[in-house]
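Data first, discussion second: the structure below is written as structure tokens.
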There are 2 protein chains.
Amino acid sequence: MLSEFELIDRFFLQRARQARAYGRAAHLGIGDDCALLSPPAGQDIAVSTDMLVSGRHFLPDVDAIRLGHKSLAVNLSDLAAMGATPAAFTLSLALPSAHAAWLEGFSNGLFALAERFDCELVGGDTTAGPLTISITVFGHVPRGQALRRDAAQHGDDIWVSGNLGDARLALGLFRNEWDIDQPAATLLDVRDAMETPEPRVKLGLALRGVAHAAIDLSDGLIGDLAHILRRSGKMASVNVDAIPRSARLAAQTTQIQRMCTVAGGDDYELCFTAPVSARGRLKDIAAESNIALTRIGTISDTASDVATQPGTIAWVDAADAPISLSLTGFDHFE
Amino acid sequence: MLSEFELIDRFFLQRARQARAYGRAAHLGIGDDCALLSPPAGQDIAVSTDMLVSGRHFLPDVDAIRLGHKSLAVNLSDLAAMGATPAAFTLSLALPSAHAAWLEGFSNGLFALAERFDCELVGGDTTAGPLTISITVFGHVPRGQALRRDAAQHGDDIWVSGNLGDARLALGLFRNEWDIDQPAATLLDVRDAMETPEPRVKLGLALRGVAHAAIDLSDGLIGDLAHILRRSGKMASVNVDAIPRSARLAAQTTQIQRMCTVAGGDDYELCFTAPVSARGRLKDIAAESNIALTRIGTISDTASDVATQPGTIAWVDAADAPISLSLTGFDHFE
């Protein structure tokens, strides 16, 4: 049995030192009391943190490589939503036991994604405990150009990238929530959506100077869009039937489709607002990045009545008829 | 029962917004996908992260206020060891359930310390799960002035602040590891040492330009000093009887005293090296900061034989006679 220090050294410190070859963020990397970072001139450091807990954010039998990928991906997704360039991250890991094979898989999945985005491991902590992964990620963004949640404007289109709802469909299938038979291939496909989300980093960078407000969809569209609306003091109208979804999700009942697309969570697509004048530019960005961008609604100023308070979303269907959705965003304690 | 978002809002977001009054680090604080930080001109951002797990880093019945304090204190201690000024932190929290009274205590202990050090909460994550606290802390340090682990030089004195070993004594008493009776007052005193460590931030700042290498003592002197030695390519001689300890620890057997002072862990004092010429200045710093500083040994260059490889510590007693210590630093998986 390798000791804690030997395991950390083998699977994380050595990899982190190799990563100094592509890392450009840190004056001092892993191995001291602190790492030392500084942003390029005129840029800020964007910071975000996400914690993943076994049985809550991933199935207990998840493949270690996929878990390593997802742990960093959900954090990179926050950088994408700010329009920030990934630079570095710290990793804290609580493990029930220190198994070399598991740690090798986890670190392989983690560093494969880190290397793709030139994101250097600069610090961390490892301890015994129930399997928990906490990552804090750092990016660079030119001052004043970050995509903030409070920047939505009256008349903005509301856009989302990719498809929504597959991760929630997967979770429902694995939990047997719905009385539906699925071919094994569908199960595998949606499991990919749940376990190996692709952070929309390049899209986020392309949206700087084009989009107004942005957020990444981690807790479900209904809750995450409301964050933009409340911070911007705006309301929205959203066409629930326009929300992009995969063919496999479109084959389910309307109820399942709406639950998954509207309140699903774990999508890690971007939701952003942009002026109507940006539609042409966004068509180009979609083509250049090879990521579908779909218009699903409109931002508007609020009125003085309760039904149009900041944060309100008026849902309509494809025929523009109002519909009532009793779904709420994902709440970890409900 | 309050929802996750309501609890976060009440005990963390509102406090974080109040903290913007003293916070100076963030252009954009809590509530977006990322916070935006930038260091003052000519300074780096020092980053460190520590994770605390119930039953491992704290007793399951620990008072919530004390746990809030300790969670941030152990992170601030890393900034102290770099000579960095605290600026901001992120908090990730996994909770078995969301109890308002517990969260109120925890946030009170956390923010009381944060406010004392002008350290602003700029982001975080809350989820259901086994009680786990992960904090990443940010400080500022003028470029080139950080107290690194790799800067120890031949002939340096080795110093430690405060007393070592009380936290380990407390743990042993609460675990009934040793067949000793203790008056209740001693139990309470050492429990304070274990649960409310004081991060040596001001001392760390005073040591800039005076000390060579520094580290904070979290895993035990024997392991932490070895980090300095290996990174600096040096060895050390340490007088085990010179290690400062409280009167209550000095009243225990020699074996308990040595285990607690040498391999105890959880001290959160600073261990640093400094040239002999700095002794006068360090006496002044001790007086100004009202923190005892004690010389416990000497750094030296290594020779070519195995017994003096980098990282080696030669332990001697008060009579300068070599002694053999079979203790090792704290390993979370042993």
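The values are calculated or read from the model by the stated rules, or taken from the named source; none is laboratory data. Keep in mind it's a predicted model, so treat the numbers as computed, not measured. So basically every Cβ, Gly included, is an ideal-geometry build from the backbone, and we count neighbours across all protein chains shown. Heads up: the accessible areas ignore ligands, DNA and RNA and are worked out on the full protein's heavy atoms, side chains in. Shrake-Rupley method; radii C 1.70, N 1.55, O 1.52, S 1.80 Å.
Checking the cross-link pairs B:Lys70/B:Lys283; A:Lys70/A:Lys283; A:Lys202/A:Lys283 against a 26 Å limit on the alpha carbon distance flags B:Lys70/B:Lys283; A:Lys70/A:Lys283 as lying beyond it. The HN-Hα couplings worked out from phi for the range A:147-155 by the Karplus form 6.51 cos²θ - 1.76 cosθ + 1.60 (θ = phi - 60°) are 7, 8, 6, 9, 10, 5, 10, 3, x Hz, whole numbers, x standing for Gly and Pro.
For the range A:124-164, the Stokes-Einstein estimate of translational diffusion at 20 °C and a viscosity of 1.002 mPa s comes to 140 µm²/s, using the Kirkwood hydrodynamic radius over alpha-carbon pairs. Each other residue within a Cβ distance under 11 Å of B:Leu36 adds +1 if Lys or Arg and -1 if Asp or Glu, for a net charge of -1. Each other copy holds its own label point for B:Gly155; taking that point as 7 Å from Cα along Cα to Cβ, the gaps run 7.5 nm, nearest first. Taking a quarter of the surface of the Cα convex hull of the protein assembly as shown gives a mean projected area of 31.1 nm². Our summary of shape: the Cα atoms of the range A:77-226 have principal axis extents of 50, 46, 24 Å, ordered from largest down, in whole angstrom.
Comparing B:Ser304, B:Ser289, B:Ser246 in a Gaussian network model of chain B where C-alpha atoms under 10 Å apart are linked, the largest mean-square fluctuation is found at B:Ser304. Using a 7 Å projection from Cα along Cα-to-Cβ, the label point at A:Lys283 is separated from the same position in the remaining copies by 8.1 nm, smallest value first. Going 7 Å from the Cα of B:Glu288 in the Cα-to-Cβ direction, what parts of the range B:45-87 have a backbone nitrogen less than 19 Å from that spot? Residues B:80-86 fall inside that zone. Report note on the peptides A:119-128, A:79-88, A:189-198: ranked by the mean count of other C-beta atoms within 10 Å, highest first, their order is A:79-88, A:119-128, A:189-198. Over the range B:157-316, the Kirkwood radius and the radius of gyration, each from Cα atoms, give a ratio Rg/Rh of 0.99. Normalised by the number of residues in chain A, the average gap of Cα pairs under 8 Å and 6 or more apart makes the relative contact order 21 percent. Just the number, please: carbon plus sulfur as a percent of the accessible area of the range B:157-316, 1.4 Å probe, no ligands or DNA/RNA counted. Taking all protein chains in place, the range B:157-316 shows 48 percent carbon and sulfur surface.
Counting Cβ atoms of other protein chains within 10 Å of each residue's Cβ and taking the mean over peptide B:73-81 gives 2.
If you take the charge dipole of chain A about its Cα centre, with +1 on Lys and Arg Cβ and -1 on Asp and Glu Cβ, which of A:Pro199, A:Gly265, A:Ile323 is farthest toward its positive end? The one lying farthest along the dipole's positive direction is A:Pro199.
Using the Stokes-Einstein relation with a Kirkwood hydrodynamic radius computed over Cα pairs, the translational diffusion coefficient of the range A:233-334 at 20 °C and a viscosity of 1.002 mPa s comes to 139 µm²/s.
Compute for chains B and A the buried accessible surface, both sides summed, probe 1.4 Å, and express it in Å² to the nearest 100.
On the way: alone 15290 and 15320 Å², together 25380 Å².
So the total buried area for this chain pair works out to about 5200 Å².
Using a 7 Å projection from Cα along Cα-to-Cβ, the label point at B:Ala307 is separated from the same position in the remaining copies by 9.0 nm, smallest value first. Ligands, DNA and RNA are left out, and with a 1.4 angstrom probe the accessible area of the range A:4-142 is 29 Å² per residue. The convex hull of the Cα atoms of chain B, projected and averaged over all directions, covers 18.2 nm². For the range B:125-212, the relative contact order works out to 41 percent when only alpha carbon pairs closer than 8 Å and six or more residues apart are counted.
Taking all pairs of different Cα atoms in the range A:163-228, averaging 1/r and flipping that mean, what Kirkwood radius in angstroms comes out? For the range A:163-228, the Kirkwood estimate is 13.9 Å.
Helical content of chain A, expressed as a calculated mean residue ellipticity at 222 nm, amounts to -10000 deg cm²/dmol (DSSP H runs of 4 or more residues, -39,500 (n - 2.57) each, divided by residue number, nearest 500). Other residues within the sphere of radius under 10 Å centred on the Cβ of B:Gly233, judged by their own Cβ, net out at +1 (K and R +1, D and E -1).
Extension gain, B:Arg143-B:Asp118: 0.36 nm per intervening residue step, less the Cα-Cα distance, totals 6.9 nm. Computed from backbone phi, the HN-Hα couplings of the range A:74-88 come to 5, 6, 4, 4, 5, 5, 4, 5, 9, x, 9, 7, x, 10, 7 Hz, rounded to whole numbers (Karplus: 6.51 cos²θ - 1.76 cosθ + 1.60, θ = phi - 60°; Gly and Pro given as x). What the Kirkwood sum gives for the range B:4-142 is a hydrodynamic radius of 15.0 Å, with every pair of different alpha carbons counted.
Projecting the Cα positions of B:Ala242, B:Ala292, B:Ser304 onto the charge dipole of the range B:199-334 (unit charges on Cβ atoms of Lys, Arg, Asp and Glu, taken about the Cα centre) puts B:Ala292 furthest along the positive direction. A Gaussian network model of chain B, with springs between Cα atoms under 10 Å, assigns the largest mean-square fluctuation among B:Leu229, B:Leu217, B:Leu13 to B:Leu13.
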